[in-house]
Amino acid sequence: MATKDVIYGINGPVVTVKNTRTFSMMEMVYVGDSRLVGEIIGINDKLTTIQVYEETTGLKPGDPVYGTGTPMNVLLGPGILDNIFDGIERPLKAIEEQSGSFISRGASVSSLDLEKYWNVKIKVKVGDKLTGGMIYASCKETAIIEHRFMVPPALSGTVIKAEPSGKYRLMDTVVTIEDDKGTRHELKLCQKWPIKTARPCANRLPATVPLITGQRVIDTMFPISKGGTAAIPGGFGTGKTMTQHQLAKWCDADIIVYVGCGERGNEMSQVLDEFSELIDPKSGRPMTDRTVLIANTSNMPVAAREASIYTGLTLAEYYRDMGYHVAIMADSTSRWAEALREISGRLEEMPAEEGFPAYLPSRLSQFYERAGRVDTLSGSEGSVTIIGAVSPQGSDFSEPVTQNTKRFTRCFWALDKSLAYARHYPAINWMDSYSEYFTDLDPWFRENLGEDFIKYRNMITAILHEESNLMEIVKLIGSDVLPDEQKLVIETAKAVRVGFLQQNAFHKDDTFVPLEKQKLMMKAILHLYAKAKHIIAAAIPISGILELGLFERLAKMKYDIPNDKPEMFDDLITDIDTALAALTK
Amino acid sequence: MILDYVGVKEINGSLIVLDDVDNVSNEEMVDIRLEDGTVRHGRIVQIEGKRVVVQVFEGTKSISLDNTRTRLKAHPMELALAPEIMGRVFNGVGTPIDGLGDVYPVKKADVNGTPMNPVSRVYPRNYINTGISTIDTLMTLIRGQKLPIFSGSGMKHNELAVQLVRQAKISDGEDNQFGIVFAAMGVKNDVADYFRRSFDESGVLSRVVMFLNLANDPIIERTLTPRCALTAAEYLAFECNMHVLVIMTDMTSYAEALREFSSSKGEIPGRKGFPGYLYSDLASLYERAGMIKGSKGSVTQIPILTMPNDDITHPVPDLTGYITEGQIVLDRQLEGQGLYPPVSVLPSLSRLMKDGIGEGYTRADHQPLANQLFAAYARVQDARSLASVIGEEELSPIDKKYMEFGKLFEQYFVNQSYSENRSIEQSLDLGWKLLSTLPRTELDRVDDELLDKYYITDTEQLKFNTIENTSQEQDKDV
């Protein structure tokens, strides 16, 4: 039901309407003659407050406000993949056709292409009983992803009419069902869903399957599970975006939702460029076939920035319900929190820490809790993994967004400025970072990679910790005074840092490393360590071992040994043995 | 129908409040006529029913509750644009102050601009050769990039900016289409004059559009200065197909003006009293750099900001760093050693460089060389901090080598004269020469193939002459 009310006051993106009882909280509204999209965020008996998702320049008191009767929602259907949307699911390519290179206000375009015909296969027949979430049809959305049409969660009933398989448009009714009360519902090729409500699932599953990323420091040292949550905090220039790009490119999720929330425009065009050139190794198709981009750059309206995160999540959950593993990259959640702060300031709410609203922690937890591996309503398994970048003010991890995010995520990949300065990428600090998924994931690693993998990881971690302790001493008195045994720890730790933790995103082999190779790399390092320790115990000075150049070989093994030739590690280990044997003679 | 509103309801800082105003739109411009006939300009910033808040650009001095007549202009703040703005000087809100009369507009544009559609952006790939070794090699400037200079009071950022303007060369030789937009916000008269003189001396003045808001000009104008400048830049770039370099100095003054304005509006302050929307506000400026499909031009920004107390975590440099594509950080210690330009290599960065260098742009060895230089110089810092504790004598031989490398690197690579214009080959070769003073086994960021090609084993060639000009010596080596 459309109602008409008029603007009373305007302050930046916040618009108020006086003396009205027609709107409900979180309802989506259109503001002004150019129909700018807005949302109701506050109601009292005198004033109704609207946040407008576009620039409010030129709005006047007395301009109309149109209600829509529904909360802020997105259209879900085929055509989402290989597309780029703004924060409220308006396709940017269509906006470009309509208004050119600069985004004009009130652009009204349909989220998805309504005119395109999809080759739909109908999977139900008359008399079938359908419940919410069940699949009634499917079509090929892109070359690698099959789009499955699901009954909206709240509906159920018996099929009384089903069209034959064939070509249909988004708004065509393909199946009609009748529920218990005799009401008929037409099922089309699309449905709407409010972005701030989580889509339901049958039940949640434990986090026992890792999301494999091919990044050594993540897979081995700080693994994340499918359906897990991770935060990547780091000051500017520490490589948050780079890490997110690497994860988006290489992680083994079926679908990637990349949300550029308040970030740089050039970065978004880089993602567009790179992903369309990049070929997905599993399917041989361009990366964009399994990617959705949500771009709300930092100069686009701030209110839409707040919505962009939810829009991305809703799209991710929609694909999860079809039975896919979805990973959502949110870059950056700090911009989203700042958008909350900005709106909160306009509403003159009482601020909590650093001007952020008091409800910041609850909003963050609501966001991260929408992640998870689940049994879907249609009986398959799907997951949403959330990886959120955090941009702490002044690179200070004690600020509210980082601290609150830490409470609600289970992986914390802390990016470190000094590592980034030394161009050690990914600059994930191995002392500050953690993953709570170890115990959940260990059975999987044991089963798929053998007992050794976990043993190696623990030994590597121990060496790094020992190095960190020794470095305290070295900083004070230099490394020369250390006994050979401790010097060996330092050399080995260096081999771990340079040879293993540091990974070159621009090298064709090193950009993605399979788990098997990760394990063998650790094995080679630990093998040299054990042998050398033995030799040092026999009172042979470490300088002799260092001169053999074995540590340098370890540092370069990531380049020297191709990913598909794990047998070359045997040669490396034999070489180590021969070289060291010559020393003891 | 044009209506005049007599008197004001309330005056607070640079804001006035009018009551009983009809038919007003958000961000609309107003003229305020005082009793003595002078006219001030203002902009609607808040509307509540019939009560509107107006921001007065020239300040509210001598305005009383009933000595003004206010007229609504029925359009937002616009800038008159024409190709003839080249070579002209404007004040902070785009009014000509060079005595050459008004610009006859080909077009009028809203100074707030509209956001560029990310789909329409062209990803910047062409590098700009600045002739400065540190910048070209380690933080390459790319056409369409926004690369700020983080400086401190009293450091040589102005000289560096002028040198950049003078030497900036685009690789494919479209120099004739090069333009400069200079926006001064709250800078001292002398500084503005220095820029004007330097542009004149290097013969680029006819290609410069200047927007001057000096330190004693009204702060409300200051909040509009960069917007005017960028509107002019966008016009020149995307409609006149020029490559425009925008220099904005000093962004800290701009942010402080914004803070002053915000607090007079009674807004809730965020960190250090700056308004909560500082990030969005700065982004609305910086994001106007770039290139778009269907236009040959580009907008490249070099904002300059002085870090209060040299603190890089201050909100202004901090938020800037999160928006811009890298930063050039100047270091007071290097400046103290008499090195110019005092570019602090390690915290400086160019995010776009990886796609604009290497084979086909600069040289294939560029990226690995840059990585190795960063890694080696980072190691120098470790050696130095160790030396400060145990003394240089006690360092291990390899740390001593690094100390030596650090000294040479600063003296020959970082340091160059104000007028020296090094080619990219010169800078890269110099980098290899410096790395060759370290043992080959230390160079773990480059592969053997490059080392075979560039690593210099002949110690004769590795001598650095302290008197001779490095670039001449470099010529001999090549």
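All of the numbers you see were taken from the coordinates with simple rules; none came from a lab. Because the structure is predicted, anything quoted here is derived from the model rather than measured. Using ideal geometry, Cβ is built from the backbone for each residue, glycine included, and neighbour counts are taken over all protein chains shown.
Can you pull out the trypsin sites (Lys or Arg not before Pro) in region B:1-82 whose DSSP state is coil and whose Cβ has at most 12 other Cβ atoms within 10 Å?
In loop regions of region B:1-82 (DSSP not H, G, I, E or B), the sparsely surrounded trypsin sites (Lys or Arg not before Pro) are B:K61.
Between A:D396 and B:K400, with labels modelled 7 Å along Cα→Cβ, what's the label distance in nm to one decimal, could you check?
Spacing of the two 7 Å Cα→Cβ label points: 4.3 nm.
Are any of the pairs A:K517/B:K354; A:K196/A:K282; A:K192/B:K50; B:K354/B:K400; B:K146/B:K265 more than 29 Å apart by Cα-Cα distance, and if so, which?
Over 29 Å apart, Cα to Cα: A:K196/A:K282; A:K192/B:K50; B:K354/B:K400; B:K146/B:K265.
Taking Rh as the Kirkwood radius computed over C-alpha pairs, what is the Stokes-Einstein D of chain A at 37 °C in a medium of viscosity 0.692 mPa s, expressed in µm² per second?
Result for D is 125 µm²/s.
Any idea what the relative contact order of region A:83-194 is, in percent, if you count C-alpha pairs under 8 Å spaced at least 6 apart?
20 percent
Considering only DSSP beta bridges with both partners in the protein assembly as shown, what is the antiparallel share in %, to the nearest 5?
In the protein assembly as shown, DSSP labels about 65 percent of beta bridges as antiparallel.
When Rg is the radius of gyration of the Cα atoms in region A:232-301 and Rh is its Kirkwood radius, what does Rg/Rh come to?
That ratio equals 0.97.
Using the Cα gyration tensor of region B:96-151, with a ≥ b ≥ c the square roots of its eigenvalues, what is the shape: rounded (a/c below 1.5), prolate (a/b larger than b/c) or oblate (neither)?
oblate
D for region B:55-127, whole µm²/s, Stokes-Einstein with Kirkwood Rh over alpha-carbon pairs at 4 °C and 1.567 mPa s: what number?
D = 80 µm²/s.
Roughly how many nanometres apart are two label points built 7 Å out from the Cα toward the Cβ at A:L75 and A:S283?
2.3 nm
For the protein assembly as shown, state what percent of all Cα-Cα pairs lands in each successive 20 Å bin, counting from 0 Å until the bin that includes the largest distance.
12, 40, 34, 13, 1, 0
May I ask you to list the trypsin sites (Lys or Arg not before Pro) in region A:478-543 that are in a DSSP loop and have at most 14 other Cβ atoms within 10 Å of their Cβ?
Of the trypsin sites (Lys or Arg not before Pro), the ones in loops of region A:478-543 whose Cβ has at most 14 other Cβ atoms within 10 Å are A:K508.
In the calculated pair distance distribution of region A:139-196, what percentage of Cα-Cα distances lie above 17 Å?
More than 17 Å apart: 46 percent of the Cα pairs in region A:139-196.
Hey, with R₀ at 45 Å, roughly what FRET efficiency would B:S202 and B:R71 work out to, going by the Cβ-Cβ distance, to 0.05?
Working from the Cβ atoms, E equals 0.50.
Over chain B, what is the mean sequence separation of C-alpha contacts under 8 Å (at least six apart), divided by residue count, expressed as relative contact order in percent?
Once divided by the residue count of chain B, the mean separation gives 15 percent.
So what's the angle, to the nearest 10 degrees on a 0 to 90 scale, between helix B:424-435 and the longest Cα principal axis of chain B?
Relative to chain B, helix B:424-435 is tipped by roughly 50 degrees.
Please enumerate, by chain and number, the aspartates and glutamates with C-alpha under 18 Å from the C-alpha of A:K406, excluding those fewer than 8 residues away in the same chain.
Within reach: A:D331, A:E338, A:E353, A:E354, A:E369, A:D396, A:D416, A:D432, A:E436.
List the chymotrypsin sites (Phe, Trp or Tyr not before Pro) within region A:427-509 that fall in a DSSP loop (any state other than H, G, I, E or B) and whose Cβ has at most 15 other Cβ atoms within 10 Å.
A:F506
Starting from the 7 Å offset along Cα-to-Cβ, what nm value, one decimal, do you get for the label separation of B:D447 and A:T574?
For the pair B:D447/A:T574, the computed spacing is 2.4 nm.
Kindly work out what percent of the DSSP beta bridges joining two residues of chain A are antiparallel, to the nearest 5.
Looking only at bridges with both residues in chain A, the antiparallel portion is about 70 percent.
Could you state the principal axis extents of the C-alpha atoms in region A:15-137, from the largest down, to the nearest angstrom?
The Cα atoms of region A:15-137 stretch 53, 39, 18 Å along the principal axes, largest first.
What percent antiparallel are the DSSP beta bridges of chain B, to the nearest 5?
60 percent
If you wrap a convex hull around the C-alpha atoms of region A:147-231 and split its volume per residue, what is the figure in Å³?
Roughly 175 Å³ of hull volume per residue.
Normalised by the number of residues in chain A, what is the relative contact order in percent for Cα pairs under 8 Å and 6+ residues apart?
Relative contact order here is 13 percent.
Please give the per residue volume of the convex hull enclosing the alpha carbon atoms of chain B, rounded to a whole number of Å³.
164 Å³
Roughly how many Å is it from the Cα centre of region A:76-104 to that of region B:50-97, as a whole number?
Using only Cα atoms to place each centre, the spacing works out to 36 Å.
Let's test the formula: R0 of 25 Å, r as the Cβ-Cβ distance of A:M431 and A:R407. What FRET efficiency results, to the nearest 0.05?
Rounded to the nearest 0.05, the efficiency is 0.80.
Helix-only mean residue ellipticity at 222 nm, chain A, DSSP H runs n ≥ 4 weighted -39,500 (n - 2.57), per residue, nearest 500. What is it?
Roughly -10500 deg cm²/dmol at 222 nm, from the helical runs in chain A.
For A:K494 and A:L546 in one chain, what is 0.36 nm times their gap in residues minus the Cα-Cα distance, to one decimal in nm?
17.5 nm
So, R0 is 30 Å and r is the distance between the beta-carbons of B:Q333 and B:K272; what FRET efficiency does that work out to, to 0.05?
Efficiency for this residue pair is about 0.75.
Figure the gain on full extension for A:K192 and A:D45 (residue separation times 0.36 nm, minus the Cα-Cα span) and round it to one decimal in nm.
49.9 nm
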